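The values are calculated or read from the model by the stated rules, or taken from the named source; none is laboratory data. Treat the numbers as computed from the prediction; the structure is a model and nothing was measured. Cβ placement follows ideal geometry from the backbone for every residue including glycine, while neighbour counts extend to all protein chains displayed. Please note that ligands, DNA and RNA were not included when accessible areas were found on the heavy atoms of the full protein model with its side chains. Shrake-Rupley method; radii C 1.70, N 1.55, O 1.52, S 1.80 Å.
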Amino acid sequence: MPKDPYEMSELEVRSRIVTLAFGGDERLLIAFYRKLQEGVPEGTGIVFRGSVVTNKRHEDGKPFDSQGKGTSDLDVTLVGKKVMEAWSQDAYYIPGLHTKPLCDADSEAAPSLNPLRESLQKLVGRPVNFQATSSL
């Protein structure tokens with residue numbers, strides 16, 4: 001049975017993310033992170049969340065990529081007030097605090113960030129979703 005992420009060290013969580021999302025290729029994680037970091041406002045925090053961390057889908061409890069390689073998405077939370085300005089006025093769950101996802105189903109939630117999101121999807125060969133929050 002997979003370890004609970006709350007019982008894992010940061011290194012173990014990173015290893016899980018590299019294994020699940022990046023096929024064990026640490027360089028691909030670094031390329032993803034650098035490209036993402038270059039495309040968001042300076043000082044923006046970047047946090048992976050969801051099944052890539054827990055190895056369990058919220059909806060049904062199935063493991064990451066249970067439907068085949070590249071089928072699970074990468075959920076990325078961007079942290080900072082500046083990055084939240086990229087979201088449309090109507091694309092917030094809690095205005096000024098937490099946005100709705102920027103994803104294939106809603107690529108207009110943060111139009112200026114969508115080209116970055118799409119380029120990251122091509123890089124890793126799987127869906128990538130962004131949300132933003134003002135702080136953790």
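Scalar couplings 3J(HN,Hα) for segment 118-126, obtained by applying the Karplus form with A = 6.51, B = -1.76, C = 1.60 to θ = phi - 60°, are 5, 5, 5, 4, 5, 4, 9, x, 7 Hz; x denotes Gly and Pro. Note that segment 45-136 presents 52 Å² accessible area per residue, ligands and nucleic acids not counted, probe 1.4 Å. Taking the C-alpha atoms only, the angle from helix 26-39 to the longest principal axis of the chain is near 10 degrees. A viscosity of 1.567 mPa s and a temperature of 4 °C, combined with the Kirkwood radius over C-alpha pairs in the Stokes-Einstein formula, give segment 40-115 a diffusion coefficient of 95 µm²/s. From helices alone, the chain scores -9500 deg cm²/dmol at 222 nm; the rule is -39500 (n - 2.57) for each run of n ≥ 4 DSSP H residues, then divide by the residue total. Excluding ligands, DNA and RNA, the accessible surface per residue across segment 1-42 is 74 Å² with a 1.4 Å probe. Of the solvent-accessible surface of segment 10-99, computed with a 1.4 Å probe over protein heavy atoms with every protein chain present, carbon and sulfur atoms account for 51 percent. A 1.4 Å probe over all protein chains sorts 106, 90 by accessible area into 90, 106, starting with the largest.
Rounded to the nearest 10 degrees, the inclination of helix 10-22 to the longest alpha-carbon principal axis of the chain is 90 degrees. About the centre of its Cα atoms, segment 55-125 shows a dipole size close to 280 debye [charges on the beta carbon of Lys, Arg (+1) and Asp, Glu (-1) only; nearest 20 debye].
What the Cα atoms of the chain give is an Rg and a Dmax of 14.6, 42 Å.
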